[in-house]
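Engineer: Dropping a structure here in structure tokens format, bear with me for questions.
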Amino acid sequence: MTTTTVEAVNLGKRYKDTAALDGFDISAQAGTVLGLLGPNGAGKTTTVRILTTLLRFDTGSATVAGFDIARDARQVRRRIGLTGQQTAVDEVLTARQNLVLFGRLFRLTKARARERADQLLDQFGLRDAADRQAKGFSGGMKRRLDLAASMILAPQVLFLDEPTTGLDPSGRREVWDAVSGLAADGTTVVLTTHYLDEADRLCDRIAVIDHGRNLVDDTPAGLKRRMGADRLEIVAADPADLAVLHGIVAAVADGETATDEGASSVSAPVKEPVAALTAAATAVRDQGLTVADIGLRRPTLDEAFLELIGTTQKEGQQ
Amino acid sequence: MNTLAPLPDETLAGRLKWTLHDYRTIVGQEFTHLWRQPVNFLWALGFPIVMVLLFVYVFGSAMDVTGEGAGVDYVAYAMPGMFAMTMAFGFTNTAWAVAEAKEKGFVDRVRSMPMASSAVVVGRNIADTIHAAIDLFVLFLIALAIGWRSDGTFWETLGAFAILLWLRFALIWVGVWLGLMVKGVEQAGNLFAIAFPFGMVSSVFTPPELMPGWLGAIAAWNPVSATATAIRELFGNPVAAGNSWPEQHALMAALIWPVIITAIFLPLAVRRFRNLGR
Ligand SMILES: Nc1ncnc2c1ncn2[C@@H]1O[C@H](COP(=O)(O)OP(=O)(O)OP(=O)(O)O)[C@@H](O)[C@H]1O
Ligand SMILES: [Mg+2]
């Protein structure tokens, strides 16, 4: 059975002359990870702040963990964790003191707060820095401490606003593991990100937002599928060969063949990727050509994203 | 396996218990700050100490506050003023701390938690009052060291310090309100531009009647003057009071001003805090 733990309908929020949110809908099922993806100023942080009861909204309604965010804010707060876009730890305190402080404010007993702090310090690789002041931490270490603080309770719904911005690869991996682990235990995670590989890897669904409105709400695979077929690409070793290569690719193409002079490459969508690749490779050899590269390119989430955003920007200009 | 924050049972007693728990936790945090940053604490005291030395030893020799000649009894006159001024400037520390907590996202984090959100404000208040008591104690020792004495009884002396803290307590609300109003820590630093005239255009260093008429009137009605004059009376130090009502009834004024300040700024601070979600 799936239950919807986060549901927002027609959220609207205006700041003087900008509409930060303009009829935004999202919904997330229990134990899943929902990614909010969008360019700067799209309304991601606004959405997170509204859903975590920090910001009032003008129109629409939303429930988090089964409670109305406007009417039952206190019940909502008992069930959520938040890591805002800005790192919010007490820099004068040590890592351990921070976690114990927040544990106490989540009303754990002293003993339980200490125990939980220890677990989180281990989990986020902060054991060695546990008793140092957070002031001296690197940006990534502060961020990890910040994330640990939002996971003290293993909340029912966890909101993460750009959780891995500024983290090194191993730091990102720790965060991803923590998020996946929580989701596996039943926590619903709503995260915003600019990193498509992160969304691809972590999210069950992705809501693409721009100008405070929904563009698409789909699975990562579904988003890529919208981009259409795989492409066959040949990079010429000698730009003079481009015309011949164009012919070879066009022969197996299922759609328009494009030549990119700058990259000295020719590419086209193909229907039977492996057969097309073999045929093209054979043709290249038969004609005695040397090429720099030949291969299949799957559409990436980046392309799907840029395409989606590009479309709305064009619409916006009209 | 999700864990819920225990919700206080909806009874008044249950909520009160958790609210007090939250206040205690936040005050504890403030004390850890104090403990971890003794240097900040000393810096904060540095200003009044420098002022003491400057006024008592540099300008003081030229000041005739008692009408008995330049420099006579100036230490006895200036020290209570110094105590009052330190209390008056204290609100900038509050404002700065609040602005920092807001800018760093700490206030947001706390507001998204199930705790009593008033703990940020009330905890700040309690911690700052205790902080101010320590400030006063250190200044008191310095005052004794440079030869200042209270001629009042033990209880009068203690009462004078209570009146000082009473002013500081009221000004905390001003600090909280301003801290929530300003854009960030940088702007909070500029609040000294308000604190300076507020503390100085008063009877702290100079009797108001030695000032030009209009300025003297402002100084006479300044809450800081009322406190300074009241504690001078209690300490049995030279008073040099003029004819205006607050100077004639300094003790009363020193008790009433903080009530007025609190009545204005406490609601403003609470409203500002509630409206953070706008
Ligand atoms: N306090 C505010 N006052 C006025 N406008 C605001 C305020 N906060 C946000 N906005 C506006 O609302 C819009 C959405 O902002 P939001 O912070 O939600 O974007 P975002 O998607 O989180 O962007 P980013 O990726 O840069 O973090 C922006 O146009 C922004 O300028
Ligand atoms: Mg943002």
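Laboratory data are not the source of any read-out in this text; all were calculated from the coordinates shown. Keep in mind it's a predicted model, so treat the numbers as computed, not measured. Cβ coordinates were reconstructed from backbone atoms using ideal geometry, including for glycine residues, and neighbour counts include every protein chain displayed.
Engineer: Between the stretch A:65-139 and the stretch A:1-61, what is the separation of their alpha carbon centroids in Å?
Structural biologist: 24 Å
Engineer: Shifting gears a bit: Only four residue types carry charge here, +1 at the Cβ of Lys and Arg and -1 at the Cβ of Asp and Glu. Report the dipole size of the protein assembly as shown about the Cα centre in Debye, rounded to the nearest 20.
Structural biologist: 1820 debye
Engineer: If the cut-off is 30 Å between C-alpha atoms, which lysines fall inside it for A:Lys16, apart from same-chain ones fewer than 8 positions away?
Structural biologist: Answer for A:Lys16, where 30 Å is the Cα cut-off: A:Lys44, A:Lys314, B:Lys102, B:Lys104, B:Lys183, listed by chain and number.
Engineer: Would you be so kind as to identify which of A:Tyr15, A:Ile294, A:Thr257 lies farthest towards the positive end of the dipole of chain A, taking Lys and Arg as +1 and Asp and Glu as -1 on Cβ and the Cα centre as origin?
Structural biologist: A:Tyr15
Engineer: Helix-only estimate, please: 222 nm mean residue ellipticity of chain A, summing -39500 (n - 2.57) across DSSP H runs of length 4 or more and dividing by its residues, to the nearest 500.
Structural biologist: After summing the helix terms and dividing by residue count, I get -12000 deg cm²/dmol.
Engineer: Suppose we flag GluC sites (Glu not before Pro) only when DSSP calls them loop and at most 12 other Cβ atoms lie within 10 Å. Which is the longest uninterrupted stretch of chain A?
Structural biologist: That gives A:1-255 as the longest site-free run.
Engineer: Before anything else, pin down the relative contact order of the stretch A:229-298: Cα pairs under 8 Å, at least 6 apart, normalised by residue count, whole percent.
Structural biologist: For the stretch A:229-298, the relative contact order is 47 percent.
Engineer: Continuing with the same structure: Residues in the stretch A:240-261 near a label at A:Gln287, defined as backbone nitrogen under 12 Å from the 7 Å Cα→Cβ point?
Structural biologist: A:240-252
Engineer: Here's another thing I want to ask about it. Projected onto the charge dipole of the protein assembly as shown (+1 at Lys/Arg Cβ, -1 at Asp/Glu Cβ, origin at the Cα centre), which of B:Ala195, A:Ala148, B:Thr129 gives the Cα projection farthest towards the positive end?
Structural biologist: The residue sitting most towards the positive pole is B:Thr129.
Engineer: Moving to a separate point now. Using alpha carbon centroids, what distance separates the stretch A:172-233 and the stretch B:98-148, in Å?
Structural biologist: 43 Å
Engineer: Something else: At a Cα cut-off below 15 Å, give the aspartates and glutamates reachable from A:Lys271, other chains included and same-chain residues fewer than 8 away excluded.
Structural biologist: Answer for A:Lys271, where 15 Å is the Cα cut-off: A:Asp230, A:Glu233, A:Asp254, A:Glu256, listed by chain and number.
Engineer: Lys and Arg at +1, Asp and Glu at -1: add these up for the other residues within a Cβ distance under 9 Å of A:Gln29 and post the number. Write out the running numbers ahead of the final one.
Structural biologist: Details: positive: A:Arg205; negative: A:Asp204.
Neighbourhood net charge equals 0.
Engineer: Around A:Gly136, what is the net charge, scoring Lys/Arg as +1 and Asp/Glu as -1 over all other residues with Cβ under 15 Å from its Cβ?
Structural biologist: +3
Engineer: May I ask which residue of A:Thr165, A:Pro273, A:Gly81 lies farthest towards the positive end of the charge dipole of the protein assembly as shown, with charges of +1 (Lys, Arg) and -1 (Asp, Glu) on Cβ and the Cα centre as origin?
Structural biologist: After comparing all options, I get A:Gly81.
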